[in-house]
Structure formats: C-alpha cells, structure tokens
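First up is the structure itself, then whatever we jot down about it.
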Amino acid sequence: MTRTRNIRPRRPLLAGTTAVAAMAVTAGLVAATAEPAKAAAGPKLSLIAATTSITLTSWKEEPGVYLDLGTYLTAEGTPLELKVTRKSYKDPVTITQTVYEGGKAKAKVLPKGTVKDFSGLRDFAKITVTDKAGKKVLSRSEDFCPNNASGRVRPDAPATSKYPESCPTNPFTLGSVWGVEKGWAANTYAGSYTEPVMLAAGTYTAKVGVAKKYRDLFGIANKPATIKVTVQERSYEDEQSATGPASRSSASGEHAGHGAAHQAPTAHTGHGSGHAPTPAQAAAPVTSGAGPSYNVGHGPLKAAPPALPWALKKQQAARSMRVGDTGGQTDGSRKAPALQPLSKRPAGKPSVPDVPKPDLRSLPAYGIVVSDGEKDIPGKDYLAFSANVWNAGPAQLVVDGFRSPGKAKMDAYQYFYDAKGKQVGYTPTGTMEWDPRPGHMHWHFTDFASYRLLKANKKEAVRSGKEAFCLANTDAIDYTVKNANWHPFNTDLSTACGAENSISVREVLDVGSGDTYSQDLPGQSFDITDVPNGTYYIQVLANPEKRLKETSVDNNSALRKIVLGGKPGKRTVTVPAHDLVNEN
C-alpha cells in the first residue's frame, strides 16, 4: 500500500508524580499478596496500588483522561527478568525468563505467542471503571513494559535497578531486556503507548487486575486493586487567566508527557541548549520518521523513557557522580561513565591495538514517505526515510575531536580500550565540522554513514547529501549482545556534540545502541522528481570510507525495497514488508 505520513497523536509519557515514599507507605494497606509462584526459583510478583484514591484531569482543549491510576507490579526474592529476541527478521519474537537454581541464572523459555514485539507484555492489565451508581462505563486492557517508571518499595532493596528505563520502539529492534528489580515496583500504566478515555467530570471506582494468562505464567494472585477516581475538567484558558502565561506551559507539560526525561542533565545544559525542549516539545509524539523534531534529524522522535519518581531521580543524580565501568560486567549492571574528552591532542604514536572493537551495523530504512521537502521547494518530490546504524560491540565506538586554535574543523580520532577500560591506542579517523543551522548547532563527525537510492539492478540512482553526524544512543537495538550497556550516557543531542566554542568533543556509540537519523530535508532525502517509477532499494551504509576500525565491515550495508509510482507532484511509494517486519 502507499505510505502516507503517519503521525501519532500527542500522548502523555508514564507519569512519575506518584512518590515512591507514598507507594511504600500504602503498599501494606492495598497490596495484593501473591500466591507462591509455580517456579520456586522465580520472583514473587504482586500487584499493588500506591494510593486508594486519585484525581485525574480532563482538558477541554484535548478531552480525554489518561488512566495512570498508580498501580505497580512488585518483585521480591529475585528480579523479574525477561529477555526478548529474534534471530533475524524472518523469525518471530521470542521471550525467555531468567530464573535461579542454586543461585545460578538459568533461561526459562516462555510459551510461544507470549510477545509479538518489543513494546511490552500485551494486554497485561485489565481495567474496569464504574460510576457512582455502580454501572460499568469502561473496560479495557493495557500493555505493560516492565521497564516502566519504577522505584523501591522497601529501604533494604538495591539502591539502583540495573534494567533499562523503557521498552524499545524501533521496528528493527533485535533484542531487548525487561526487568523489575527485587524490592522494586514498575508502573503498569502504558504511558505514551495508550489512548485517553472519555469520562465526564465526577467520581468513579476503578479496578485494576492482571490478566489470567500472566497470573498463571508468573504466579500472581488474582487480587485486583481498587482505586477511587475523581475526574476534574480544566482548561488552558482558565489556567492562564488565573495564574498568568507561565501556567500555560505548565499545564501543557502536565498532560502532555512529563517530558523531563528529555531535558539535558545539569552537567551538560551548556552543551545542549540547541536541543533542550520546552514541555510541549518534550511531549512530541512518535513520528513517521520523516518529520522534524527538536532532536533535529535524529528521529523519529520516539516517546521519551517513562518519567521517574522524584526519589529515584535523586538517587540517579547522586549515582552519576560516582559511576564507572568495571571489567567483566556484561549482565547489564555496567554503567556508562559521563565520558569526557581530553582538552589536548593525544600524545604518542597512533596505533590500532589487538583489542575488542565496535561492530557497526546498518538497519533497513523505515518511516518511508514521499514529501515535498516541507514545502520549501515547489514542484519537487522527495523520498524521506529514517535510517539507523548501531553498534553490536563488543566495544564502544569512541571518537574525540580536537580543535586547533582558530580552525573551523576538528581533527577526529578513534580510541581503543583493553578489557579493564584502559586506553591503549588511537588512530586518526577524519574530521568534525560545526553545523550552525537552527536546530542543529553542534559538531558533526563526518563520513559516519551514507545513504543511496539504488535501482533494481543495485546501481546507484540518487545519493543523499547527508554524511556527517552527531552520534547519540537514540535507540536500544539489541541489549542482549555481549557488553551491551543498558544505561548509555548520551541518549539525545542535548547530552553530547559540543558547542560552537568547544575546544574538543567526545562522541560515543555504545554497545547495543544505535543512532537513528531522519532524512527528511532537501539535500538529505532523495530527490525523486525525475526518477522513473519502478522498483528501487534504499541503501543504508555505515562507515562508507572504512576510516573507523571495526570488528567486521561485512555487515555495514542494509537494503530496503520500495516501489515508486504516481505522477509528478503526486508521487507515491509502496513499501513491502521486510521479511516479518511491517511497520505500516
């Protein structure tokens, strides 16, 4: 079928306003005691509610209520750990649970069909809402990402959770890890992946339970949580007139997504001002990959990781001051340090030592649409798309740029590390250039990837002019590979890429993560105005000049078949499924 621009409606991210402390206090009052799990080595899971009553807001301008009811899944004894993978795009997604026998981890294969993708456990939570008269007004199911906003429920629980902070959204994800740390709880609300419900102002009773399929699978007691719900109706206009203009953005932030997860860390605000979003921008929906976002080019802008409760944010802020890599940790407990570049060029003779290196791999293009170049150039047809290059490891890609005083470009170097994290070599690898365009305002590493439109015979028809990038870990592609870092540092452009007056810049692509870049502007997207209709392939090619030293360069190219049709000014593109992957 012909692809059209598919912009998802604005949705809130997972709310982080339910305090962990309140959850811990109320847990004893409203927690459901889990029945013994069928597998003794597995975790003891319970559904709890942080509060017995909650007030939700329905905005007149955007009617509807998001059912963040403050219900959580807790894990005791051992963590709930799930690994979700597929061997290739020709194979279905499968899931295993990590259980423990004699203190040793063991993979338990869960039934086929338990998962269909990487977004979470489908239809996990069952929600019913009744009005004051006891009449059922709503019945729905919610998907559950175990990596949702979480926090400790008891003071002797591990201080931090080793699991990632969201479920991946890239259609070509290969492997993911989901988990609820022992002594922790994960919000069952589906966040940005759910739809609002229509409830008039008033009071209701909500019951939240776990679907029988998952109760039987994980040994969860059939004891739904009950919450009194008060729905209040408000408007932006009333908020503005009552408290002034500042309230408008505050109100937007409340219902539009708790976007703090996209704000630059304090230590990097000076480097990310060009990308730090307003609350409304931070709530931007998942896009087709062909539209602009504050993370210019690096798209599609996926929903931010669910916002974390304040207490957990405080813990993470303290942790970030002391984290560091430790040799031998490949189970996800490894934390990425805030990598800082040297302020001067490396000394000594360049060398490429025999140590682990990164392995750059390209994913097939997606989010493919025909556009008019954002109406900048009338009479032109462009083929816009998103492309991702990821690092399969087993080592980080670390590139530093160094600037000679007064020079417009930086000289770039790739660094190499031994198993203990000690730098043991470096080699020149091109340049970095400053991009002054609005929305960019950062340093690009040149020749990281290139994009070509190939004819049916695989000969080049059109080449994208985009080959320079600011590297960022925007997507979790496969967190099951060796040395995958489940907590990469630079996850958007506000945390890396430097400022105009920078003397040096460090850009990192961590193991298991990839960088998605949307080719949606003239000069980046393919100009197909004079390209005949027919079958073509979009080629995504990593490390095209082979300047970067890798484990292998045999997997740097990925092709995505498309069919162009239509007439000038009204061109169409049909995008067949790529094996079992069809993101339409």
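The values are calculated or read from the model by the stated rules, or taken from the named source; none is laboratory data. Source: prediction; values computed, not measured. Note that we place each Cβ from the backbone using ideal geometry, even for glycine, and neighbour counts take in every protein chain shown. These area figures cover heavy atoms from the full protein model, side chains too; ligands, DNA and RNA do not enter into them. Shrake-Rupley method; radii C 1.70, N 1.55, O 1.52, S 1.80 Å.
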Segment 137-188: C-alpha gyration tensor shape, a/c 1.5 cut-off, then a/b vs b/c: oblate
Sorted peptide list for 151-159, 167-175, criterion being average Cβ within 10 angstrom, highest first: 167-175, 151-159
Cβ-derived FRET efficiency at R0 35 Å, THR57 paired with ASP216, nearest 0.05: 0.45
Accessible solvent surface per residue of segment 512-584, calculated while the other protein chains remain in place, 1.4 angstrom probe, Å²: 43
Calculated FRET value between THR205 and ASP372, using beta carbons and R₀ = 60 Å, to 0.05: 0.75
Approximate spin-label separation ARG140-SER404, in nm, with each point projected 7 Å along Cα-to-Cβ: 6.1
Cα→Cβ-extended label distance, 7 Å offset, between LYS106 and VAL553, nm: 4.6
Those residues of segment 176-201 whose amide nitrogen sits under 17 Å from the label point placed on THR480, 7 Å along Cα→Cβ: 176-180
Protection-proxy order for peptides 62-69, 94-101, 195-202, 503-510, each taking the mean of Cβ atoms within 10 Å per residue, highest first: 503-510, 62-69, 94-101, 195-202
By accessible area with a 1.4 Å probe, ligands and nucleic acids excluded, highest first: order of LYS349, LYS482, LYS213: LYS349, LYS482, LYS213
Distance histogram for segment 133-245 (every C-alpha pair counted, 10 angstrom bins, percent rounded to whole numbers): 10, 28, 32, 22, 7, 0
Pairwise FRET efficiency - ALA347 versus SER235, Cβ, R0 = 56 Å, nearest 0.05: 0.35
Exceeding the 29 Å Cα-Cα cut-off - candidates LYS407/LYS482; LYS162/LYS422; LYS90/LYS570: LYS407/LYS482; LYS90/LYS570
Percent of Cα-Cα distances greater than 19 Å, calculated over segment 500-584: 59
